[in-house]
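Encoded as structure tokens, the structure appears first; notes follow it.
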Amino acid sequence: MTTADGLQSLDALDCGSRIRSRRLSDGVVTLVVDASGLSAAERNKLEAELTSAARAIEGVKDIRIALTASQPRRTLIAVASGKGGVGKSTLSTNLAIAIARTGKKVGLIDADVYGPSQTRLLGSDEKPTADDKKLNPVEAHGIRFLSLGQLVSTGHALAWRGPMASGALAQLIEANWGDAEILVVDLPPGTGDVQLSLIQKSRPDGAVIVSTPQALSLIDATRAVDLFGKMSVPVIGLVENMSGYTCPHCGEQSDPFGSGGAEEAAAAMGIPFLGRIPLDSALREASDVGTPPAASGGPQSEAFEAIARKLMASLETSSADEHSPVEEMADASRR
Ligand SMILES: Nc1ncnc2c1ncn2[C@@H]1O[C@H](COP(=O)(O)OP(=O)(O)O)[C@@H](O)[C@H]1O
Ligand SMILES: [Mg+2]
């Protein structure tokens, strides 16, 4: 076979449509091949096939194959708060599951390097495997997830400094998320290194801020809103957690952390209010035993479903309209 039609002949292979560019000079064939969506074994097979076909071309002495893979564009949602213990992790788990129940493929990343809790919340102690040094997320309750809690033994605090924590987060984000369309990232509390590196390296498409109705929690939430705003990450909205308590014995309604504070604060900051999750001992109990209420669609799942609907609607508007209302609101909050 002559060199000229030799290179063309590669197109006739099964994998021919993956060839992005081909060159032959001084007996060296250089191929750039799109290996998107292939497993490690399939990539090896692809390379072997191309190598043997290229070797059959007259005058070929050496073959160089560069495999590229385009990452599918996923929507990355950060769940953040100024304070710890306000329910970020509980919201992240149940929100991810509620979104998955609308038919989306959802991944959840537990980025709380200092206090990972998703293995407990999802009731899974399965360890992730790895391919090509990339972690394979674990399935639970209809979503896939990765947590640093899977990589260290239970109860071992991670005394990591900023750069290590950020490196660990990058590993979780660059894992084999396959066809996941939405990634929810459960952040540690505050506005530190992990948040900054997530914003800088992974550019979340939006942030959901969680607060209790308490003034102190709201002041910290304002800081989180400010951080995302300054870094031009649209704030999708504020969620009020632990609002309104119904006594399981007498049915009396009370507001242990105050009421309505978050909605007022959201209005003052010019960001959307996404909804409230009642303080509910059934929610805590279910969370503690790894049966997230959103998975069963019971009474505790309603608040999460409503928030999931608002969030999806907001994402659809922002992808349909480049200058989205969410961004405009985040812009307003920055002024
Ligand atoms: N709405 C709620 N009702 C009852 N308990 C809640 C609620 N939200 C969170 N909790 C409980 O509060 C604790 C802290 O919640 P968590 O989601 O871990 O917060 P964070 O991730 O912000 O630190 C957990 O024990 C959790 O089960
Ligand atoms: Mg947490």
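The values are calculated or read from the model by the stated rules, or taken from the named source; none is laboratory data. Fair warning: this is a prediction, and the values are worked out from it, not measured in the lab. Because the Cβ atoms are built from the backbone with ideal geometry, glycine has one as well, and the counts that use them run over all protein chains shown.
Restricting to region 177-191, and then to whatever is more than 14 Å from ligand 2 (Cβ to nearest atom) and on the phi < 0 side of the Ramachandran plot, can you tell me which residue is nearest to the chain's Cα centre (by Cα)? Let's see the steps before the verdict.
Just the residues of region 177-191 that are more than 14 Å from ligand 2 (Cβ to nearest atom), to begin with: 177-183, 191.
Filter once more, so that each one left must be on the phi < 0 side of the Ramachandran plot: 177, 179-183, 191.
Details: W177: 9, D179: 12, A180: 9, E181: 9, I182: 6, L183: 2, T191: 18 Å.
Here the residue is L183.
Right, R101: more than 16 Å from ligand 1 (Cβ to nearest atom) and assigned by TED's automatic domain parsing to the domain that holds L151 or not?
yes
Identify, from the list S25, S17, S21, S36, the residue that is modelled with pLDDT under 85 and loosely packed, with under 15 Cβ neighbours inside 10 Å.
Values: S25 fails: modelled with pLDDT under 85; S17 fails: modelled with pLDDT under 85; S21 fails: modelled with pLDDT under 85.
So the residue among S25, S17, S21, S36 that is modelled with pLDDT under 85 and loosely packed, with under 15 Cβ neighbours inside 10 Å is S36.
How do the pairs read when you match residues in region 82-107 that are closer than 14 Å to S287 by Cα and of a type in the set (S, T, N, Q) with residues anywhere that are part of a helix (DSSP H, G or I) and near ligand 2 (Cβ under 10 Å from one of its atoms), using Cβ under 8 Å and keeping only pairs 6 or more apart or on different chains?
Once the first residue is closer than 14 Å to S287 by Cα and of a type in the set (S, T, N, Q) and sits in region 82-107, its partners that are part of a helix (DSSP H, G or I) and near ligand 2 (Cβ under 10 Å from one of its atoms) give S89/Q118; S89/L121; T90/L121; S92/Q118; T93/Q118; T93/L121.
For region 219-262, enumerate the residues that are within 30 Å of L196 (Cβ to Cβ), within 16 Å of ligand 1 (Cβ to nearest atom) and among the aromatic types (F, W, Y).
Across region 219-262, the qualifying residue is only F257.
What are the residues in region 265-282 that are over 20 Å from P234 (Cα atoms) and more than 23 Å from the chain's Cα centre (by Cα), if any?
P278, L279, D280, S281, A282
Whether any residue in region 62-78 is within 16 Å of ligand 2 (Cβ to nearest atom) and touching a helix residue (DSSP H, G or I) at 6+ places or on another chain (Cβ under 8 Å) is what I want to check. Explain how you work it out, then say what you get.
Taking region 62-78 as the starting set, the residues that turn out to be within 16 Å of ligand 2 (Cβ to nearest atom) are 77-78.
With touching a helix residue (DSSP H, G or I) at 6+ places or on another chain (Cβ under 8 Å) added as a condition, the list becomes 77-78.
Yes.
Between L169, L183, L198, which is within 24 Å of A130 (Cβ to Cβ) and in contact with a Phe, Trp or Tyr (Cβ under 7 Å, 6 or more places away or on another chain)?
Numbers: L169 fails: in contact with a Phe, Trp or Tyr (Cβ under 7 Å, 6 or more places away or on another chain); L198 fails: in contact with a Phe, Trp or Tyr (Cβ under 7 Å, 6 or more places away or on another chain).
Result of the check over L169, L183, L198: L183.
Residue by residue, here is whether (1) of a type outside the set (V, I, T); (2) at pLDDT below 95 holds:
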residue	(1), (2)
I173	no, yes
I182	no, no
P189	yes, yes
G206	yes, no
L218	yes, yes
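Can you tell me which residue within region 62-83, out of those that are surrounded by 16 or more Cβ atoms within 10 Å (Cβ to Cβ) and assigned to a loop (DSSP other than H, G, I, E, B), is nearest to ligand 1 (Cβ to nearest atom)?
Step one: filter region 62-83 for residues surrounded by 16 or more Cβ atoms within 10 Å (Cβ to Cβ), giving 63, 65, 67, 74-83.
Those still in the list that are assigned to a loop (DSSP other than H, G, I, E, B) too: 74, 81-83.
On the way: R74: 23, S81: 6, G82: 10, K83: 7 Å.
Looking at residues that are surrounded by 16 or more Cβ atoms within 10 Å (Cβ to Cβ) and assigned to a loop (DSSP other than H, G, I, E, B), I get S81.
Between G251, G275, which is assigned to a loop (DSSP other than H, G, I, E, B), of a type outside the set (V, I, T) and in the same structural domain as T212 (by TED's automatic domain parsing)?
Details: G275 fails: assigned to a loop (DSSP other than H, G, I, E, B).
Going through G251, G275 in turn, just one is assigned to a loop (DSSP other than H, G, I, E, B), of a type outside the set (V, I, T) and in the same structural domain as T212 (by TED's automatic domain parsing): G251.
So is I109 under 23 Å from N136 (Cβ atoms) and in contact with a His (Cβ under 8 Å, 6 or more places away or on another chain) or not? Show your work before the answer.
Working: under 23 Å from N136 (Cβ atoms): yes; in contact with a His (Cβ under 8 Å, 6 or more places away or on another chain): no.
Here the answer is no, as I109 does not meet what is asked.
Check L24 against each of (1) in contact with a helix residue (DSSP H, G or I) (Cβ under 6 Å, 6 or more places away or on another chain); (2) closer than 30 Å to G206 by Cα; (3) outside the structural domain of L311 (by TED's automatic domain parsing) and name the one condition it does not meet.
Among (1) in contact with a helix residue (DSSP H, G or I) (Cβ under 6 Å, 6 or more places away or on another chain); (2) closer than 30 Å to G206 by Cα; (3) outside the structural domain of L311 (by TED's automatic domain parsing), the lone unmet condition for L24 is (2).
Checking L216 against (1) under 26 Å from A294 (Cα atoms); (2) away from ligand 1 (no atom under 12 Å from the Cβ), which single condition isn't satisfied?
Exception for L216: condition (1).
Could you count how many residues in region 182-198 are within 14 Å of ligand 1 (Cβ to nearest atom) and assigned to a helix (DSSP H, G or I)?
Adding up the residues that qualify gives 2.
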